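In what follows, a structure is listed as structure tokens, so that the remarks can point back to it.
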Amino acid sequence: MDQGAMKELVGKRAVEALVKSGMKLGLGTGSTAIPAVRHIGFLMRQGVLKDIRAVPTSFQTTIECEKWGIPLFTLNSAEIGGSLDLSIDGADEVDPQGRLIKGGGGALLVEKIVAYASAAYAIVVDESKLVPNLALRFPVPLEVIPEARVPAVRTLEALGAEVVLREAVRKAGPVITEHGNLLLDLRFPRPVDPSALETEFNRIPGVVENGFFTRLPPTVFVGHADGTVTSRK
Ligand code: 5RP
């Protein structure tokens, strides 16, 4: 089974295992989360799922929900009241303790707000995302306000990070997030403590949020090349 098929399958399995009628759902971003969103839309059209209220984590997710008629709210809507029953999202890396790197798609800010407002959190990944240590292979992103770019890079380099400003594709210059900010991608030459860094990064003036997600922990659904899906808490 190729990676695309694994992503389709794992998203569907997570939805079938966890999503129930009446739930307030956080819906993630990326090529693994979107098949889960579509499957929720499909089950709503079939009448299998009813009374779903969703909070999307990005424009990508919003547009997909609009296509499927999934009712959309914000965390601040009276219908949501600031908390969710369950969120389903993808990840760029997952370590053995269920700590994550997220933000490869640039949506980490709302993804984290939604994740930390959720009573239950499910991550859907293909097996290539499982790693022994975070941030050695895939960079951890930081969202930073434009005015803080150079001082933030200096501080991060002093912490041992190799820092790259994320460049846009088919637009000259850097990626601008949905909140008007820049993204810095950080790699580390040796294993780091993601739990400590999640807090430390956010103390740097101008850093809005970072892509270490360490305080949950999620139920992780993993799609494998042999066509099986495993899950672990
Ligand atoms: C977006 C994310 C995505 O969930 C993450 O990048 C994984 O994406 P994909 O499933 O496409 O590999 O955090 O900000």
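The values are calculated or read from the model by the stated rules, or taken from the named source; none is laboratory data. All figures in this text were calculated on a predicted structure; none of them were measured in a lab. Ideal geometry is used to build each Cβ from the backbone, glycine not excepted, and the neighbour counts take in all protein chains shown. Please note that ligands, DNA and RNA were not included when accessible areas were found on the heavy atoms of the full protein model with its side chains. Shrake-Rupley method; radii C 1.70, N 1.55, O 1.52, S 1.80 Å.
One line per residue, one yes/no per condition, for (1) within 16 Å of the ligand (Cβ to nearest atom); (2) part of a strand (DSSP E or B):
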| site | (1), (2) |
| --- | --- |
| Leu49 | no, no |
| Val55 | yes, yes |
| Thr61 | yes, no |
| Cys65 | yes, no |
| Ile70 | no, no |
| Leu75 | no, no |
| Ala78 | no, no |
| Gly82 | no, no |
| Ser87 | yes, yes |
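For Gly11, indicate whether it is within 14 Å of the ligand (Cβ to nearest atom), open to solvent by 40 Å² or more (accessible area, probe 1.4 Å) and not in a loop (DSSP other than H, G, I, E, B).
no
Identify the single condition in (1) assigned to a strand (DSSP E or B); (2) without any contact (Cβ under 8 Å) to a residue 60 or more places away in the chain; (3) of a type in the set (Asp, Glu) that Glu209 does not satisfy, given that it satisfies every other one.
(2)
Residue-wise test of (1) over 29 Å from Ile176 (Cβ atoms); (2) hydroxyl-bearing (Ser, Thr, Tyr); (3) assigned by TED's automatic domain parsing to the domain that holds Leu108.
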{"residue": "Ala36", "(1), (2), (3)": "no, no, yes"}
{"residue": "His39", "(1), (2), (3)": "yes, no, yes"}
{"residue": "Leu43", "(1), (2), (3)": "yes, no, yes"}
{"residue": "Lys50", "(1), (2), (3)": "yes, no, yes"}
{"residue": "Glu66", "(1), (2), (3)": "no, no, yes"}
{"residue": "Gly69", "(1), (2), (3)": "yes, no, yes"}
{"residue": "Phe73", "(1), (2), (3)": "no, no, yes"}
{"residue": "Ser83", "(1), (2), (3)": "yes, yes, yes"}
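Tell me, yes or no, whether the stretch 173-182 has at least one residue that is modelled with pLDDT under 95 and surrounded by 13 or more Cβ atoms within 10 Å (Cβ to Cβ).
At the first step, the residues of the stretch 173-182 found to be modelled with pLDDT under 95 are none.
No, there is no match, as no residue in the stretch 173-182 is modelled with pLDDT under 95 and surrounded by 13 or more Cβ atoms within 10 Å (Cβ to Cβ).
Only one residue in Ser83, Ser21 is hydroxyl-bearing (Ser, Thr, Tyr), touching a Ser or Thr at 6+ places or on another chain (Cβ under 9 Å) and surrounded by fewer than 16 Cβ atoms within 10 Å (Cβ to Cβ), so which one is that?
Ser83
Tell me yes or no: at least one residue of the stretch 105-113 is of a type in the set (D, E, K, R), in contact (Cβ under 8 Å) with a residue 40 or more places away in the chain and within 16 Å of the ligand (Cβ to nearest atom).
yes
Against the conditions (1) aliphatic (A, V, I, L, M); (2) near the ligand (Cβ under 10 Å from one of its atoms); (3) farther than 23 Å from Asp2 by Cβ, where does Val124 fall short? Just the number, please.
Only one criterion in (1) aliphatic (A, V, I, L, M); (2) near the ligand (Cβ under 10 Å from one of its atoms); (3) farther than 23 Å from Asp2 by Cβ is unmet by Val124, namely (3).
Looking at this structure, is Thr230 surrounded by 13 or more Cβ atoms within 10 Å (Cβ to Cβ) and of a type in the set (Ser, Thr, Tyr)?
no
List, please: which pairs have Cβ atoms under 6 Å, are six or more places apart or on different chains, and start with a residue in the stretch 1-23 that is over 11 Å from Leu86 (Cβ atoms) and end with one that is basic (Lys, Arg) and more than 14 Å from the ligand (Cβ to nearest atom)?
Ser21/Lys50
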